[in-house]
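All remarks here apply to the structure that follows.
The values are calculated or read from the model by the stated rules, or taken from the named source; none is laboratory data. This structure is a prediction, so every number in the text was calculated from the model and none was measured. Here the Cβ positions follow ideal geometry from the backbone for every residue, glycine too, while neighbour counts run over all protein chains shown.
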Amino acid sequence: MRYEGIVNPTELRKAITQLHPDGELFEVRIIGGRNKIPSSGYFKDAETLLTAFENMDLRDVNIYITLNPLNDALYSRQQADHFVQSKTTTSDKEIVGYDWLFIDFDPVRPTGISSTDEELKKSMDVAQKVYVYLKSEGFEEPIKAFSGNGYHLLYKISLQNTPERTKLIERCLKALSVMFSTDDVKVDTANFNPSRICKLYGTLAQKGRNSEDRPHRMARIDGEIKDLKITPLAYLEKLAAEVEEEPIRPATYNSYAPAEFDIVDWMNSHGLQYTVKAGDGYTKYILDECPFNSNHKAPDSMIIRQHSGAIGFKCLHDSCSDKKWQDVRKLFEPDAYEKSELEFERIIEEGIRRHNRDRKKKEININNGNIWESVSDVLNKPTPDNEYVKTQIKEIDKLTHGLLKGGVSIWSGLRGSAKSTVLSQIGLQAVNDNHNVLVYSGELTDKRFVRWLLQQAAGKQYSREIIKEDSSYWFVPKEIETEIAAWISDRLYIYNNSYGSNYQTLIKQICEKTEKVKPDLVIIDNLMTVDIQGIDSNEYRAQTGFMLELTNLAKQFNCHVALVAHPRKAATFLRLNDVSGSGNLVNLVDSAFIVHRVNHDFKKAYIAEFCKPNTKEDDVPLFRGTNVIEIAKDREEGIQDKFIPLWYERESRRLLNSPTEVLKFKWLSSWADTEKEQPFMDDESTPFT
């Protein structure tokens with residue numbers, strides 16, 4: 001074989017199978033050597049390509065392949081199934097669409113030479129950081145590859161070849177470069193055009209002289225991933241916008257005119273320490289410490305100033321991933337932006353502060369007070385501020401502040417609407433916010449409930465799929481289970497159903513455990529599984545009695561009790577009066593939520609109930625979600641009939657605020673801190689051979 005030592009047939013076959021399966025047309029170019037004009041060939045399989053290599057002198061050349069699908073008409077060019085010296089190669093307009101987001105981590109070195117081992121190690125480190133980051137942001141598993149002189153990540157995508165999509169890919173690469181490029185390794189931002197070529201894996205990288213410190217190395221793909229999943233468009237759009245932040249409109253009262261705003265002067269005046277790095281179209285200020293968490297050291301947090309004047313902020317740690325430039329500025333200047341943008345929040349906060357000041361001035365010791373009180377007596381009573389357990393459902397937390405401690409909520413919905421799903425997720429969020437949680441799950445065994453909980457905590461990035469025939473299911477690997485269990489064990493406790501469901505036993509055990517661990521949230525799932533016959537022979541009076549037990553428990557221990565109650569009748573569109581039991585159930589609670597599944601019946605009934613005549617389903621934004629949570633009652637804020645769309649993610653059993661949301665629980669930080677992530681390449685001992 002003329003190509004022996006320059007082409008590895010096994011690795012090349014694997015590359016073609018991964019990049020261009022099912023006989024998809026691709027172009028290979030041979031660049032360098034004695035010929036000034038590249039040799040080009042169009043092929044549909046690896047064997048024909050290997051045969052064509054037999055007729056070529058491959059010494060001192062580098063071999064590349066097109067990544068994206070070609071117009072099949074190109075197979076009629078003269079270089080079909082063999083190589084021809086030709087300037088007629090694949091152009092951007094001859095690409096059908098984008099199949100790959102190609103990320104190249106290129107070590108900085110003089111042109112035309114191979115990389116040293118140390119340069120490759122730095123390239124691998126940056127590639128690993130980007131891999132972990134994109135995984136945490138919801139991207140699917142990529143192809144990981146070694147180019148011979150650096151490392152690649154190739155994410156499977158499916159986009160049309162349009163100017164808008166080309167710009168999107170360019171913005172994605174720029175965002176990654178801004179966040180991760182260093183003085184030693186650059187994320188190549190030029191790899192955005194549709195006809196971009198990539199090193200052909202399974203061939204030798206022959207840049208410069210083959211020396212001991214800068215040897216020629218064989219390019220290869222790491223392992224083989226079957227059934228590569230497509231990362232949806234929405235995740236690319238989210239990535240592209242990560243470090244882009246449009247200037248806020250000028251506000252004369254706070255002297256904020258974006259085109260004139262001196263970010264350097266602002267950082268200096270607030271004592272921020274930083275290092276300046278200039279980039280293509282931007283300047284990056286790498287902060288010594290993240291302003292939100294001093295444990296996040298350089299180079300993981302940064303302020304970015306686009307040449308357009310736009311300012312952005314990014315911290316690469318999960319706990320700060322949602323922070324933007326406006327959050328940074330408000331941290332140092334709470335009143336930095338226009339009053340209209342923060343009016344509601346500021347009014348509420350100022351009202352609470354004023355109330356607390358007035359209360360402290362008027363507080364007097366009146367013991368239990370008079371049996372009959374004047375208005376002044378009532379006003380002068382010391383009253384603690386309201387405390388809430390956040391749900392992480394953004395609209396609920398915004399409108400109601402969360403679940404009121406000392407209060408009770410009722411949760412209802414048709415079977416399969418995701419009532420239990422949302423409450424177990426809220427329980428996880430409570431743990432994430434350092435609250436303690438007690439759970440009674442009457443319908444699920446403790447092991448089944450825990451498996452469900454672990455899958456929600458792990459998320460799709462840390463779960464694994466098992467495919468059996470025409471079905472599949474997801475599970476959490478043992479090492480991840482162990483990590484999550486260690487994080488959650490001292491915070492969340494599950495009632496052992498083998499002790500029975502008698503209401504007296506249940507209430508007694510909840511009270512005893514509450515005195516010990518002081519939970520902020522108690523979940524009762526559900527009312528129908530609790531034996532309440534001992535309260536009263538009349539079912540409705542018994543339910544009312546049990547609800548009174550729960551309201552007393554909530555007040556006595558200053559916790560929130562969330563109770564699941566099935567609807568009384570199988571209505572196609574539930575209203576509050578459909579909740580099982582007497583009217584006292586919904587009268588006694590502080591808030592009531594109804595969980596809906598967005599199906600045909602729901603859409604039809606919602607349009608009939610709330611929309612104008614002749615409204616079409618496509619005209620209702622609410623129907624874009626898979627599920628809807630309705631705030632049917634909120635005593636504190638007086639809210640009702642407020643519908644909030646959510647998106648169910650099967651792989652994680654989570655309900656998301658948006659299709660691209662990735663919930664990040666604190667167990668993940670400890671996992672990352674202990675560096676338990678898998679190495680970038682499988683064979684880390686010999687990554688460069």
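Things worth noting here:
- Checking Glu465, Glu443 one by one, the residue that is in a loop (DSSP other than H, G, I, E, B), surrounded by fewer than 16 Cβ atoms within 10 Å (Cβ to Cβ), at pLDDT below 90 and assigned by TED's automatic domain parsing to the domain that holds Ile535 is Glu443 and no other.
- Check on Lys516, surrounded by fewer than 15 Cβ atoms within 10 Å (Cβ to Cβ) and either touching a helix residue (DSSP H, G or I) at 6+ places or on another chain (Cβ under 8 Å) or not assigned by TED's automatic domain parsing to the domain that holds Asp227 (or both): yes
- Contact map, the range 319-333: first residue in the same structural domain as Val264 (by TED's automatic domain parsing), second residue of a type in the set (Ser, Thr, Tyr) and part of a helix (DSSP H, G or I), Cβ cut-off under 8 Å, separation 6 or more or different chains; pairs are Ser319/Ser669; Ser321/Ser136.
- Qualifying residue in the range 55-64 (condition: touching a helix residue (DSSP H, G or I) at 6+ places or on another chain (Cβ under 9 Å) and in the same structural domain as Met218 (by TED's automatic domain parsing)): yes
- Exactly one residue out of Glu483, Glu479 is surrounded by fewer than 20 Cβ atoms within 10 Å (Cβ to Cβ), within 22 Å of the chain's Cα centre (by Cα), at pLDDT 90 or above and not in a strand (DSSP E or B): that is Glu479.
- The listed residue being in the same structural domain as Ile225 (by TED's automatic domain parsing), without any contact (Cβ under 8 Å) to a residue 60 or more places away in the chain, buried (at least 19 other Cβ atoms within 10 Å of the Cβ) and of a type in the set (Ser, Thr, Tyr), out of Tyr3, Tyr42: Tyr42
- The residue list Ile304, Ile311 contains one member that is in contact with a Gly (Cβ under 7 Å, 6 or more places away or on another chain), in contact (Cβ under 8 Å) with a residue 24 or more places away in the chain, buried (at least 19 other Cβ atoms within 10 Å of the Cβ) and at negative phi, which is Ile304.
- When the range 585-605 is limited to residues that are modelled with pLDDT of 90 or more and out of contact with any Ser or Thr (no Cβ under 8 Å at 6 or more places or on another chain), the one that is surrounded by the fewest Cβ atoms within 10 Å (Cβ to Cβ) turns out to be His600.
- Checking Asn434 against (1) surrounded by 15 or more Cβ atoms within 10 Å (Cβ to Cβ); (2) more than 21 Å from Ser658 (Cα to Cα); (3) not aromatic (Phe, Trp, Tyr), the condition it does not meet: (1)
- Where a residue in the range 137-152 is more than 20 Å from Gly208 (Cβ to Cβ) and its partner, wherever it lies, is among the basic types (Lys, Arg) and part of a loop (DSSP other than H, G, I, E, B), with Cβ under 6 Å and at least six apart: Glu140/Lys229
- Members of the range 275-312 that are touching a Leu at 6+ places or on another chain (Cβ under 9 Å), acidic (Asp, Glu) and outside any strand (DSSP E or B): Asp288, Asp300
- Selection status of Ile366, among the β-branched types (Val, Ile, Thr), in a loop (DSSP other than H, G, I, E, B) and at pLDDT below 60: yes
- Counting residues in the range 105-119 that are touching a Ser or Thr at 6+ places or on another chain (Cβ under 6 Å), in the same structural domain as Asn191 (by TED's automatic domain parsing) and under 14 Å from Leu176 (Cβ atoms) gives one or more.
Results for (1) in the same structural domain as Asn657 (by TED's automatic domain parsing); (2) within 22 Å of Ala127 (Cα to Cα); (3) modelled with pLDDT of 85 or more; (4) not polar (S, T, N, Q), shown as yes or no for each residue.
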residue: Ser294; (1), (2), (3), (4): no, no, yes, no
residue: Ser301; (1), (2), (3), (4): no, yes, yes, no
residue: Ile311; (1), (2), (3), (4): no, no, yes, yes
residue: Lys314; (1), (2), (3), (4): no, yes, yes, yes
residue: His317; (1), (2), (3), (4): no, yes, no, yes
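- Of all the numbered requirements in (1) out of contact with any strand residue (DSSP E or B) (no Cβ under 6 Å at 6 or more places or on another chain); (2) in a loop (DSSP other than H, G, I, E, B); (3) modelled with pLDDT of 80 or more; (4) not β-branched (Val, Ile, Thr), Ser582 misses one, and that requirement is (3).
- When the strands (runs of 3 or more DSSP E) confined to the range 1-105 are screened for residues that are within 22 Å of Asn161 (Cα to Cα) and aromatic (Phe, Trp, Tyr), none reaches at least 3 such residues.
Rundown of residues vs (1) without any contact (Cβ under 8 Å) to a residue 12 or more places away in the chain; (2) under 28 Å from Leu58 (Cα atoms); (3) surrounded by fewer than 20 Cβ atoms within 10 Å (Cβ to Cβ); (4) in contact with a strand residue (DSSP E or B) (Cβ under 9 Å, 6 or more places away or on another chain), yes/no style:
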| residue | (1), (2), (3), (4) |
| --- | --- |
| Asn71 | no, yes, yes, yes |
| Gln85 | no, yes, yes, yes |
| Thr90 | no, yes, no, yes |
| Val96 | no, no, yes, yes |
| Pro107 | no, yes, no, yes |
| Met124 | no, yes, no, yes |
| Val132 | no, no, yes, no |
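- Options Asn558, Asn526; residue that is closer than 29 Å to Asp490 by Cα and either exposed (fewer than 15 other Cβ atoms within 10 Å of the Cβ) or at pLDDT 90 or above (or both): Asn558
- Looking across the range 649-666, the residues that are assigned to a loop (DSSP other than H, G, I, E, B), closer than 14 Å to Ala457 by Cβ and in contact with a strand residue (DSSP E or B) (Cβ under 9 Å, 6 or more places away or on another chain) come down to Glu651, Ser652, Arg653, Val662, Leu663.
- Answer residue from the range 375-411, given it is more than 30 Å from the chain's Cα centre (by Cα) and crowded, with 16+ Cβ neighbours inside 10 Å and is farthest from Leu574 (Cα to Cα) among those: Asn380
- Counted residues, the range 443-472 - those being free of Cβ contacts under 8 Å to residues at least 24 places away in the same chain and of a type in the set (A, V, I, L, M): 1
- So Phe643, is it touching a strand residue (DSSP E or B) at 6+ places or on another chain (Cβ under 9 Å), at pLDDT 90 or above and in a helix (DSSP H, G or I): no
- Residue in the range 343-359 that is modelled with pLDDT of 75 or more and surrounded by fewer than 13 Cβ atoms within 10 Å (Cβ to Cβ) present: no
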